[in-house]
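The values are calculated or read from the model by the stated rules, or taken from the named source; none is laboratory data. All figures in this text were calculated on a predicted structure; none of them were measured in a lab. Cβ coordinates were reconstructed from backbone atoms using ideal geometry, including for glycine residues, and neighbour counts include every protein chain displayed. These accessible areas exclude ligands, DNA and RNA; they are computed on the full protein's heavy atoms, side chains included. Shrake-Rupley method; radii C 1.70, N 1.55, O 1.52, S 1.80 Å.
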Amino acid sequence: MENGNDLAISEIELIFHHLSDFIFQIHVVDRHHFEIEAVNEAYLSNYNTSKDDLSGKRVEEFLGGDQGLQAIRRFQEAIFSKQPIQFEEGYNLPKQGYRVFDITLVPIVVDGSVSKLIGTARDITQKRLNEEQIVQSEKLSVVGQLAAGIAHELRNPLTSLKGFLKLIDYKNTNKEVDRYIQVMDSEFHRIEQIVDEFLILAKPTKSHFTYERIDQLLDEVIELLCGEANMESIILKRDYFSLRSHVYGERNQLKQVFINLIKNAMEAISKENENGEITIEGKALEDKLIVHIIDNGAGISEAELKNLGTPFFTTKKNGTGLGLPVCKRIIDQHSGHLEIKSKPGEGTRVSITLPKTPSH
């Protein structure tokens, strides 16, 4: 029987150490102090540590102040309830950075008090990211349907109004009225742009994918925007001359993305900024290429950054909040990725990653 028990214990230890979930055993010193008794190999490898370093170490000493207190609050909750508790919580790992875990804590009760806590933590970061992408996709789908209806409803009266305005302009001889006509014409043009963005968001246009040199596309975009940048006293710097890689994509759609993002950068630079500068960088990696659009504008707060890309959310005074969702949609259709990093007062960096294709 003793040999059988030894074998069972050996098998349990084997399972304990080879599960991919983090497993840990905590010794309860008192309600405020907890020591690590044992962890499995997955825990050790992700924290770059060893059993000897961990054994007997205080939780707050190992995890650090804030994360230690976060863990202790959960331990106290399990001790108070004397029942297993399950929750989701995020922790910073040395190797992988911030990860979200589904955690279960089981209190071991001896003589009416909790002497140990057994915990398991499953990494669900990717699952949560996938769910978030699905939610965003569903939002875009609903917004697209709404946008299509609004756009078609606006088109007819807008066409009539523009026609009558041209008629008034043709017959007008009053310079004072002429000024009002110009303002109205400008506003009608703006409404048309919004309607066009609605339609792009509502349904994908027919795409004609070809092999394109990304540096040539960027040259064309910068040539197009140079005049506007000069008027705003903004310097457009090119740093992609070694980027001669090809992408397989829709030429006009990619140009639209770069135009939108560079114009966003131009609008982020204050008119008072005499040293306004936008750098367009490009580099090729083994299987992908990355284009950075970096401005020295006002930057974006963390709260605003979280909402960027959500339909109708904008940081611009006269923005629609549709430009960035359209850009993201185009980049997604090209199997790419768009990322924005920014801090108030430090400018913004937008990174577009696209799969690289062989030269043609």
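Yes/no per residue for (1) surrounded by fewer than 16 Cβ atoms within 10 Å (Cβ to Cβ); (2) modelled with pLDDT of 85 or more; (3) assigned to a strand (DSSP E or B); (4) β-branched (Val, Ile, Thr):
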{"position": "244", "(1), (2), (3), (4)": "yes, no, no, no"}
{"position": "266", "(1), (2), (3), (4)": "no, yes, no, no"}
{"position": "270", "(1), (2), (3), (4)": "yes, no, no, no"}
{"position": "275", "(1), (2), (3), (4)": "yes, no, no, no"}
{"position": "282", "(1), (2), (3), (4)": "no, yes, yes, no"}
{"position": "286", "(1), (2), (3), (4)": "yes, no, no, no"}
{"position": "305", "(1), (2), (3), (4)": "no, no, no, no"}
{"position": "311", "(1), (2), (3), (4)": "no, no, no, no"}
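Could you please let me know if residue 222 is open to solvent by less than 20 Å² (accessible area, probe 1.4 Å), of a type outside the set (Ser, Thr, Tyr), modelled with pLDDT of 80 or more and in a strand (DSSP E or B)? So that I can check it myself, show each step before the final result.
Working: open to solvent by less than 20 Å² (accessible area, probe 1.4 Å): yes; of a type outside the set (Ser, Thr, Tyr): yes; modelled with pLDDT of 80 or more: yes; in a strand (DSSP E or B): no.
No, not satisfied.
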*asked:* For a quick check of your reading of the model, give me the residue pairs whose first member lies in the range 39-60 and is under 17 Å from residue 27 (Cα atoms), whose second is open to solvent by 40 Å² or more (accessible area, probe 1.4 Å) and of a type in the set (Phe, Trp, Tyr), with beta-carbon atoms closer than 7 Å and at least 6 apart or on different chains.
replied: 40/16; 54/62
_Within the range 328-360, considering residues that are more than 15 Å from the chain's Cα centre (by Cα) and hydroxyl-bearing (Ser, Thr, Tyr), the one least open to solvent (accessible area, probe 1.4 Å)_ = 357
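Tell me which helices (runs of 4 or more DSSP H) are completely within the range 26-97 and hold 3 or more residues being farther than 15 Å from residue 123 by Cβ and out of contact with any strand residue (DSSP E or B) (no Cβ under 7 Å at 6 or more places or on another chain), or say none if there are none. If you could, list the steps in order and put the result at the bottom.
On the way: elements: 41-46, 51-54, 59-63, 65-81.
Once the helices (runs of 4 or more DSSP H) in the range 26-97 are filtered for at least 3 residues that are farther than 15 Å from residue 123 by Cβ and out of contact with any strand residue (DSSP E or B) (no Cβ under 7 Å at 6 or more places or on another chain), what remains is 51-54, 59-63, 65-81.
Which one of 64, 97 is exposed (fewer than 11 other Cβ atoms within 10 Å of the Cβ), at positive phi and not charged (D, E, K, R)?
97
Going through the range 77-121 one residue at a time, which ones are basic (Lys, Arg), touching an Asp or Glu at 6+ places or on another chain (Cβ under 9 Å) and at pLDDT 90 or above? Before you say what the answer is, go through the steps one by one.
At the first step, the residues of the range 77-121 found to be basic (Lys, Arg) are 82, 95, 99, 116.
Retained after the next criterion (residues that are touching an Asp or Glu at 6+ places or on another chain (Cβ under 9 Å)): 99, 116.
Within the range 77-121, just 116 meets the criteria.
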